[in-house]
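*Asks:* Mind having a look at this structure? Questions to follow.
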Amino acid sequence: MKKIAFYLILILIWEVIYKLGVEVLGIWKVYTFPSPIAVGKTLIKLIADHTLGIAIAASMKRIIVGYLFSAMIGITIGLIIVRFKYLDENFGALILGLQSLPSICWLPFAILWFGLNESAIIFVITIGSTFAIAMAIESGIKNVNPLYIRAAKTMGASGLKIYWNVIIPASLPNIITGLKQGWSFAWRALMAGEMLSATKGLGQVLMVGRDLADISQVMAVMVVMLVLGLTVDNLIFGRIEKSIRHKWGLDRS
Amino acid sequence: MSLIVEGVTKSFMSKHHKIYTLSDINLEIKKGEFICLLGPSGCGKSTLLNIIAGLVEATEGKVILNDHVVKKAGPDRAVMFQESALFPWQRVIDNVEFGMKIAGLPKEMRREKALKYLKMVHLTKFKDAFIHELSGGMKQRVALARALTLDSEVLLMDEPFAALDSQTKLILQMELQKIWWETKKTVIFVTHNIEEAVLLADRVLVMSAGPGIIKKEFKIQLARPRQLENIDLTYVLADVMKELKEEVEKVAKAEYDNDWNIEKDSILSHSDPDLGSNL
Ligand SMILES: Nc1ncnc2c1ncn2[C@@H]1O[C@H](COP(=O)(O)OP(=O)(O)O)[C@@H](O)[C@H]1O
Ligand SMILES: [Mg+2]
């Protein structure tokens, strides 16, 4: 209830700013600042003619494929780096650098290698979140309390059994945080990729809005992106994180 | 069963020189014996225990358990640490089952045995609790139950009660006596608390620092179960402390403020049996 009231007030403020800024003071032209009502109407129109549904389906398919790739590759890289100290010392800094490189910088490569198509965008998504995930795995495992490992050894665990029964569960809170961060990187990479490469998808619908000078379509797509991003964050990662924090007793404060 | 420590020496390399932590330690421990390693902090008690556990490698010498040289940690030597080392991602019961799970025991058998030992430490009610929901004393009880499930002949304990408040500590010391009596394990118990050592041990091995050696040995021949307020025990305690004036001072200095002085604040000369306890 409180949340709904909060968003209603937010929309109300938006409407007031629109009225003042566009109609009364004339700071913005009508085509540079959308009103909440126009955005709502556009949203309904986009849903009705299936533009939005098709775009969301296309975007989600891409991000899921790209994200699964990056999770697999990221986890593998992370595990390998931890295992071999030499790699860690030499590649740790490089991966940190790669992680901070905006993934859209990889688009030229992607286009050269794959052409301007689905694979190029998936590549950009994958590379955008792989390194964040690899870093999280690496630091998560490195920060496992050594006492847990010693205790497990005295109970007869060794090698893979220690990995599987102690190191992985012990580093799970950090790993989930990394996967969540990876998701948000993937999401950004997806939008950037779609806006630049103009294949079907949310990013493309947004760019069409710009091309048609239809600011309410631009805004409508942004609202959809926001809602989708928040939903995945809360429903999937938020829940997992919460249950882990509850187990570990990290949520008491 | 036999547990033999033979000429164990341990040195660590610091920046410029070697630190000798243990020097030529020799021990022979009989089946079912309760040994306390007593000494001031930093004298190498944990290092020695970890070498016996197989968690630390000796620089020289060896540990022989049942005619086999100890090479690495294993479930034939259960270990309890000062911090419980319980796994926060598992419930109490799963923590207790951990060793048995590693050993590949079937599910029902694990559960049954875990409940048996949880019962022994009086924590059946908390079997489904998460670790962070337990008090310090409860955590050590769970850690003890987990160690007991390994069915090892040897139980190694590194100041397991040092972080607990004195009431909880006393209760756990009493229960440990009882459990040891029932399970007939061979226990090596590290402590810096003289009272605790005399209360629990058949033999108290006093260690001295720089480099760590076993300086003196006391056989404690008192009837069990022992009580701290027992008059015979207070006599033995006073005896041990008289013998150990120097070491007592080291132990006390490790516990009290730096300005503490055995002559000035001498409680010994009043033969107050409380000295050396850290109540
Ligand atoms: N991993 C290590 N590296 C270097 N020095 C160590 C290490 N572990 C122990 N030591 C040295 O050994 C001494 C004894 O340590 P420890 O066995 O923990 O003592 P205690 O348990 O009696 O307090 C310490 O003072 C320290 O100087
Ligand atoms: Mg110690």
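*Asks:* Can you sort B:20, A:86 so the residue with the fewest Cβ neighbours within 10 Å comes first?
*Replies:* So the ranking, lowest neighbour count to highest, is A:86, B:20.
*Asks:* So, R0 is 51 Å and r is the distance between the beta-carbons of residue A:161 and residue B:217; what FRET efficiency does that work out to, to 0.05?
*Replies:* That pair, residue A:161 with residue B:217, gives E of 0.85.
*Asks:* With r as the distance between the Cβ atoms of residue A:112 and residue A:68 and R0 = 25 Å, compute the FRET efficiency 1/(1 + (r/R0)^6) and round to 0.05.
*Replies:* With R0 = 25 Å, the Cβ-Cβ based efficiency is 0.55.
*Asks:* State log₁₀ I(q)/I(0) for chain A at q = 0.09, 0.10, 0.13, 0.15 Å⁻¹ as given by the Debye formula over alpha-carbon point scatterers of equal weight, solvent excluded.
*Replies:* -0.54, -0.65, -0.94, -1.10
*Asks:* Using the per-residue mean of other Cβ atoms lying within 10 Å as a proxy for protection, in what order, highest first, do the peptides A:163-173, B:162-172 fall?
*Replies:* The packing order, highest mean first, is A:163-173, B:162-172.
*Asks:* Still on this structure, I have one more. For the stretch B:180-190, just list the computed ³J(HN,Hα) in residue order, Karplus coefficients 6.51, -1.76 and 1.60, θ = phi - 60°, integers in Hz, with x standing in for Gly and Pro.
*Replies:* Those phi angles translate into 4, 4, 6, 8, 6, 7, 8, 10, 10, 10, 8 Hz.
*Asks:* To continue, here is another question. Could you tell me what a quarter of the Cα convex hull surface of the stretch B:187-257 works out to, in nm² with one decimal place?
*Replies:* One quarter of the hull surface, i.e. the mean projection, equals 5.1 nm².
*Asks:* Using the Karplus curve 6.51 cos²θ - 1.76 cosθ + 1.60 with θ = phi - 60°, work out ³J(HN,Hα) for each residue of the stretch A:183-190 in order, rounded to whole Hz, and write x for Gly and Pro.
*Replies:* After applying 6.51 cos²θ - 1.76 cosθ + 1.60, I find 4, 5, 5, 4, 4, 5, 4, 4 Hz.
*Asks:* Given A:19/A:41; B:116/B:169; A:85/A:142; B:10/B:253; A:85/A:180, which pairs have Cα atoms separated by over 20 Å?
*Replies:* In this structure, B:116/B:169; B:10/B:253; A:85/A:180 exceed 20 Å between Cα atoms.
*Asks:* Right, next: Less than 19 Å from a label point 7 Å out along the Cα-to-Cβ axis of residue A:44: which backbone N atoms in the stretch A:190-217 qualify, by residue?
*Replies:* Residues A:215-217 fall inside that zone.
*Asks:* Report, as an integer, the average count of C-beta atoms from other chains found within 10 Å of each Cβ along B:96-102.
*Replies:* Across the residues of B:96-102, the mean count of other-chain Cβ atoms within 10 Å is 4.
*Asks:* In what order do A:105, B:36 fall by count of nearby beta-carbon atoms within 10 Å, going from fewest to most?
*Replies:* Sorted ascending by nearby Cβ count, the order is A:105, B:36.
*Asks:* Let me ask you something else. Among A:110, A:48, A:120, whose mean-square fluctuation peaks in a Gaussian network model of chain A (Cα, cutoff 10 Å)?
*Replies:* It is A:48.
*Asks:* OK, next. Nearest 10 degrees, 0 to 90: what angle lies between the long axis of helix A:202-211 and the longest principal axis of chain A (Cα atoms)?
*Replies:* Tilt relative to chain A: about 30 degrees.
*Asks:* For residue B:80, which sequence-distant residues (separation of 5 or more, or a different chain) have an amide H within less than 5 Å of its own amide H, given hydrogens modelled in the peptide plane?
*Replies:* Correct list: B:156, B:157, B:158.
*Asks:* Also: Kirkwood hydrodynamic radius, computed over distinct alpha-carbon pairs, for the stretch A:81-150: how many Å, to one decimal?
*Replies:* After inverting the pairwise mean of 1/r, the radius is 13.7 Å.
*Asks:* In whole Hz and in residue order, list the ³J(HN,Hα) couplings for the stretch B:57-74 that follow from phi through the Karplus curve 6.51 cos²θ - 1.76 cosθ + 1.60, θ = phi - 60°; x for Gly and Pro.
*Replies:* 8, 6, 6, 9, x, 8, 10, 10, 10, 6, 6, 10, 6, 6, 10, 8, 5, x
*Asks:* Follow-up question, since we're still on this one. Just how many % of Cα pairs in the stretch B:71-176 lie over 17 Å apart, if you round to the nearest whole percent?
*Replies:* Roughly 50 percent, once rounded to a whole number.
*Asks:* Please list the equivalent ellipsoid semi-axes of the protein assembly as shown, computed as the square roots of five times the alpha-carbon gyration tensor eigenvalues, in descending order and whole angstrom.
*Replies:* Ellipsoid semi-axes (Å, largest first): 64, 26, 22.
FYI, it's all coordinate maths here, none of it is from the lab. The structure displayed is predicted, hence computed values, not measured ones. Because the Cβ atoms are built from the backbone with ideal geometry, glycine has one as well, and the counts that use them run over all protein chains shown.
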